[in-house]
Amino acid sequence: MLLGMLGLFAVTGRALAAPVIGLIIDDIGWRAADGRRAVQLPGALTLAFLPHAPHSRALAEEAHRLGKEIMLHLPMEASNGKRLGPGGLTEAQSEKDFKRTVFAGLASVPHVRGVNNHMGSRLTADPLRMRWLMQTLMFRNDLYFVDSRTTAASVAEREAAARALPVTHRDVFIDYEDDTAVIETQLAKLLARARRKGSALGIGHPLPRTLDALERWLPTLHASGVKLVPVSVLIEQRNAQRRNPTWQASSSPSLKVAKNSKPSPSSISCGAPASRSSPPVSGMDPCAAVVAR
């Protein structure tokens, strides 16, 4: 009987893989005190920093020292025309300006492992601009992308997957309302989804009520049977499960495999020349190199 059960576990595999969650805290960099509280939260949270914000670099360095995974929270044009702040991407930009803006954003935040969109309901639905974005991220060749899913019309995940860029999407917004009851309900939904699907990815923000709830909730995770992991690990698990339903957590491949698929310079066309206002990217201007060819 015992041998039969062990054989069943060996065949199904997924029964042996503990469910995991990833949790991204967005919008870090403008408010120092709230950002520091987010950085100091316990566990393997992934922290997303806005480009060129006054506290992004220092807080990202602190987060890295504490073992947190770092993302660039890249502002993208929204359908409602909401102001983007520095480092934003818009449909009005030329291809060269667009790509230079992405590289400047990456250079502004140290230790970046991945990128997700800040706002972007207009831009993430634009296949051409998402193609430009993924081409630029491929040039770094060590990044993943998370579609924050600010619109159901988003094509960002599709365009990333078409280029074999490691990619996933947000499942649950933790604090779509700044209300403690909503936040606690959404955290419960995140856990339930992870148990049902094997993984779940949530996004929250460094708001006082969200930080209060997470300070209470994160220490309870160990007893829940669900493991908090960096987003890079969650992507590995999702990709492995997609390839092989009998995948076990111990056999998870590395995202570094993606480094074997570096695009040729010709795949990163830069189109029209940059405007005079386009900021230089120190030590890195692949667009200029491509245009020169």
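Here's the thing: no aspartates and glutamates lie within a cross-link span of K82, going by alpha-carbon distance under 13 Å and ignoring same-chain residues fewer than 8 apart. Distance between the modelled labels on E91 and D142, one decimal in nanometres: 3.6 nm (7 Å Cα→Cβ projection). At full extension, A153 and A33 could sit 39.7 nm farther apart than now, given 0.36 nm per residue minus the alpha carbon distance.
Computed from the coordinates by the stated procedures, all read-outs in this text should not be read as laboratory data. As the structure is a computational prediction, the values presented were derived from the model and not from experiment. As a convention, Cβ positions derive from the backbone with ideal geometry for all residues, glycine included, and neighbour counts pool all protein chains shown.
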